[in-house]
2 protein chains.
Amino acid sequence: MSSNGTTVPEAYPMNGGDGAYSYTKNSNCQRAAANVSKSLLDDAIAEKLDVEDFSCNPSNAFRIADLGCSVGPNTFFSVQNILEAVKHKYQSQRISSQMPEFQVFFSDHVANDFNTLFASLPPERQYFAAGVPGSFHGQLFPKSSLHFVHSSYAAHWLSKVPEQVVDKNSPAWNKGKIYYTTSPDEVVDAYAAQFGKDMAAFLEARAKELVVGGMMVIIMQAIPNGTPPSRIPNGIMFDFLGSTLMEIAKEGLISEGEVDSFNIPTYNTTPKEMMEVIERNGCFSIARIESTSPWLKAGHMINGPGLTMQLRAGMEGVFKAHFGTEITDQMFDRVYEKSGELIQKIESSCKEGTQLFLALKRK
Amino acid sequence: MSSNGTTVPEAYPMNGGDGAYSYTKNSNCQRAAANVSKSLLDDAIAEKLDVEDFSCNPSNAFRIADLGCSVGPNTFFSVQNILEAVKHKYQSQRISSQMPEFQVFFSDHVANDFNTLFASLPPERQYFAAGVPGSFHGQLFPKSSLHFVHSSYAAHWLSKVPEQVVDKNSPAWNKGKIYYTTSPDEVVDAYAAQFGKDMAAFLEARAKELVVGGMMVIIMQAIPNGTPPSRIPNGIMFDFLGSTLMEIAKEGLISEGEVDSFNIPTYNTTPKEMMEVIERNGCFSIARIESTSPWLKAGHMINGPGLTMQLRAGMEGVFKAHFGTEITDQMFDRVYEKSGELIQKIESSCKEGTQLFLALKRK
C-alpha cells in the first residue's frame, strides 16, 4: 500500500496460471528481449566473470538468483543460458577437475504464482531449484551468498507510485493521466526520484548478497539519454491506456478521480541515470553497459491484437487491483478494438535504445 | 506413479488453502507432537551441536531446511524453535561477536501449496526464506550446504506403495485392505522393505547436503519394538478407513478391486529398524534417539469429530487421487458418523512410543 491510502498494492504479479491471458502464454516480447541480450550475457560471463574468485567456497556450489522471475518460461531460458555460459567458463579456466553444483533461486513478489512456476520447472534441469518470495528492494539472501544475479524486465518496476503524483495538493499531481508520458516536469521528476531511491535500495541489497567477484546482469526498459517519454513505445502505450480509461470515465462508468488516483509504477531510466546511481552505490564496477533495441528486432512480429495481449498479460494485475475486473476487461477490450490506431502511433516512435543491458561486477 | 499402473501418485500434499478441511486449520495433533519434541530438540542443539564447526564458512550464513513442511503454521513454529536454540548456542559458545544470518528452506513436494505457505510467512521472521519443491528421497540441495535439517511427521511417508501389495499374483497382495494393520507377514515385509529403501535414499541425500558437524532432527510416526501394528492408533485408524471403503464397495458404489488396488503409503518404523538403516548408511552418529508418546499427552483433547477432521486434512489427498472426491467425501462422512466407535477402539490401544525423535550428527 502506498502511504497516501490509494489501493495500488506494492506487488504487481504477472498473470499466473496458463490460461489465454496468462503471462506464460503471452510473454514472447519479453522473450525476444531476452534473446537480444543472450549474446551480451554470454560475452559478459566469458570476458568478465572470474570463477577463480570462488574457489575457496567449501561447498563448491555456484548460486544464481533470478529476480522478478514471474512464472516462466522465460526465467528457465535465462537461467539455462547463464548456467551454460558459467559451465563453459569453468571448463576454460580449468580451476578444478570438478564442476560446481548449481543452486538457482527464482525470486519474485509473494503474490507471484510460485505453484505454477514450480510445476513447470524443466525436469531435465541441472541445478537445485528454490523459490524466494519478497521484494527485491530489500535484502532477500544472506550476505555474500550469491555468485550471479540476473534480473530481466523487472528492475523498471517501482516499489510504489510516487506519493506526490496522486496528491491533489502537490504540483506533481498527475491529473487525468496514468503515466508520465506527456505530463509536466514535476511529475516526471517525482517518478525519477522514486526510481533513484528504489534502484539505490536494489543495489544496496545486491551488494550485500553478492560475493566479491560476483556478477549481476540487469535487463530493463529504458529510454535513450535526452529522449522525451512521449517518443518511446512504452510511453505511447501507457498513454493510450490512460486515454481509454478517461474515455470510460467520461461515459460515467468510473469517476475521473479514480483515474487521477491511479498511476503505473514503472520507470524508463536513461543509461546516464543508471550510471550515476551505480556510482553513488560504489560497490560495483560496470563490466558492460549497452543500449539495445528489441522493438526493432521484434518489428516484423508486432501486430495490434498480439501487442494488446502481451500488454494485458504483463499489466492487467496492477489495473485490476485499482479498477476491478470489469473495468479492466473493458479497457483492454477497447484497446484491442483500437489496436490498429495504437500500432500506427508506435510505428512512428523511437524504437532505438528502449532497453538497457547492464553487466556489473561486485568489487 | 507407481510402476504397476495404479493411479496413486508419488506426492501426497496435505490439504492446501485455509478452508474447513485445510491442513492449516487441522494440524494441531501434529503441533502437539512438535511440542512434545521441543525440549528434546532444544537439548540436542544445546548439547550436541558445535557451531565452531561452521566458523570457516565465508558467508557466515546458517542454513536450515524443513523437509515435508506442508503449508504451515507448524513449520514456522519448528523453525522458530530451532533458530532460537541455535542462536542461544552461538551466544554461549561466543565463537564470534557476530551472529550468523539465517536462511531457511521450506521444502515439500512440487504439489504442495507454496503460495499459501509464502503468504503466511511470519512478517517478523529473522531469517531469509526460500521454498524448495521436490521429493526428499532425492538430493534437494548442493553438497555440504546445510547446517541443520528438520523433518517432522513426513519421513514415515513412503516414496510409493510397495509394488507387491497391489499385485494379484504376489503373495504380498493386500486384498480387501488399504494398510498392513491386520495383513499377512508378506504384506508387512513389503512395506518394511520399501521403507528401508526409502529411508536409505533419504539418509544418503542428507549425508551429501549436510556439512560435517551439521545436525538433523527427525520426528516421525513409529511403533515400539515388537508391537503389532494392530495395537497402535495409526494402524487402527487406517484399518477403520479400509473397512469403511469395503462397506461402500459391498454396497456397489465402487468395486472391491478399487479397494484392493489402493494402499496408504506410510510406514511405522521401530527404533531398531531406524538404528539399523542409520548404521548401514554410516555417515551419521546418533546424538539422541527417543520414543515419545504424543497420544498420551494429547489424550484429553481427543474426540471423535476432531480426530476425523485431523485425519481428513492429512490424508484426504491420497484418497482423492485414487477414489475421486465423491467417494472420499462419503468415506470421511461415514467415519465422522461412526467416530464414537473409532475412539473406543483407540482408547484400548497402545499409545506409548508411537513417535520417534531422532537427533543425528553428520560425521
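The values are calculated or read from the model by the stated rules, or taken from the named source; none is laboratory data. Since the structure is predicted, the reported quantities are computational estimates derived from the model, not experimental observations. Every residue, glycine as well, gets a Cβ built from its backbone with ideal geometry; the counts of neighbours run over all protein chains shown. Ligands, DNA and RNA are excluded from the accessible area calculation, which covers all protein heavy atoms including side chains. Shrake-Rupley method; radii C 1.70, N 1.55, O 1.52, S 1.80 Å.
Some notes on this structure:
- Most simply put, the protein assembly as shown has about 40% antiparallel DSSP beta bridges, counting only bridges with both residues inside it.
- Rounded to the nearest 20 debye, dipole of the range B:28-362 from Cβ charges on Lys, Arg, Asp, Glu: 760 debye
- Taking A:Ser78, A:Ser293, A:Ser39 in turn, the Gaussian network model of chain A (Cα-Cα springs below 10 Å) assigns the largest fluctuation to A:Ser39.
- Only protein heavy atoms count here; under a 1.4 Å probe, B:Lys48 has an accessible surface of about 90 Å².
- Within the accessible area of chain B (1.4 Å probe), percent carbon and sulfur: 50 percent
- In the elastic network of chain B, a GNM with C-alpha springs shorter than 10 Å, the most mobile of B:Asn81, B:Asn169, B:Asn115 is B:Asn169.
- Karplus (6.51, -1.76, 1.60) ³J(HN,Hα), θ = phi - 60°, over the range A:141-146, in Hz, Gly and Pro reported as x: 9, x, 4, 6, 10, 10
- In the assembled protein chains, A:Tyr336 presents an accessible area of approximately 110 Å² (probe radius 1.4 Å).
- Using C-alpha pairs under 8 Å with a sequence gap of at least 6, the mean separation divided by the residue count of the range B:176-239 gives a relative contact order of 61 percent.
- Accessible surface buried once A binds B (1.4 Å probe; total of both sides; Å²): 2400 Å²
- For B:Tyr336, inter-copy label distances in nm, listed shortest first [label point 7 Å out on the Cα-Cβ vector]: 4.2
- Inter-copy label distances at A:Pro171 (7 Å, Cα→Cβ; nm, one decimal): 9.3
- Helix A:74-93 vs. chain A, principal-axis angle (Cα, 0 to 90°, nearest 10): 30 degrees
- Once the Cα atoms are used to define both axes, helix B:185-209 deviates from the longest principal axis of chain B by about 20 degrees.
- A:Ala222 long-range amide H proximity, modeled H, under 5 Å: A:Gln355, A:Leu356
- Close amide H contacts of A:His150 (hydrogens built in the peptide plane, cut-off under 5 Å, sequence separation of 5 or more or a different chain): A:Ala65, A:Asp66, A:Leu67, A:Val217.
- Value of [θ]222 nm, deg cm²/dmol, for chain A, DSSP H segments ≥ 4, -39500 (n - 2.57) each, nearest 500: -14000 deg cm²/dmol
- Mean separation of Cα contacts under 8 Å, 6 or more apart, over the residue count of the range B:28-362: relative contact order %: 21 percent
- Spatially proximal aspartates and glutamates relative to B:Lys143 (Cα-Cα < 17 Å; intrachain offsets below 8 disregarded): A:Glu101, B:Asp53, B:Asp66, B:Glu204, B:Glu209
- Nearest-0.05 FRET efficiency for B:Thr325 and B:Ile289, computed from C-beta distance (R0 41 Å): 0.50
- Nonlocal amide H pairs with B:Ser293, under 5 Å, H built at 1.01 Å: B:Gly353
- Nearest-first distances (nm) between copies at A:Lys297, label 7 Å from Cα via Cβ: 5.8
- Label sites at A:Lys363 and B:His88, each approximated as a point 7 angstrom past Cα along Cα to Cβ, lie 4.4 nm apart.
- Distance cut-off 50 Å, percentage of C-alpha pairs in the protein assembly as shown lying past it: 23 percent
- Distance between the 7 Å Cα→Cβ label points at A:Glu247 and A:Asn303: 2.1 nm.
- Build a GNM of chain A with springs between Cα atoms under 10 Å apart, and of A:Ala154, A:Ala193, A:Ala205 the one that fluctuates most is A:Ala193.
- Threshold 40 Å² - residues in the range B:100-144 whose accessible area is reduced by that much or more when the chain is no longer isolated, probe 1.4 Å: B:Glu101, B:Gln103, B:Val110, B:Asn115, B:Phe118, B:Phe128, B:Pro133, B:Pro142, B:Lys143
- FRET efficiency for the B:Asn225 to B:Glu337 pair, using the beta carbon distance and R₀ = 41 Å, is estimated at 0.70.
- Bridges between two residues of the range B:28-362, per DSSP, are antiparallel at a rate of about 40%.
- Karplus-derived 3J(HN,Hα), 6.51/-1.76/1.60, for each residue of the range A:130-140, Hz, glycine and proline x: 9, x, 10, x, x, 7, 6, 7, x, 6, 10
- Where chain A is the region considered: accessible area per residue in Å², 1.4 Å probe: 39 Å²
- Lysine pair count for the range A:221-363 (Cα-Cα distance under 19 Å; residues 8 or more apart in sequence or on different chains): 5.
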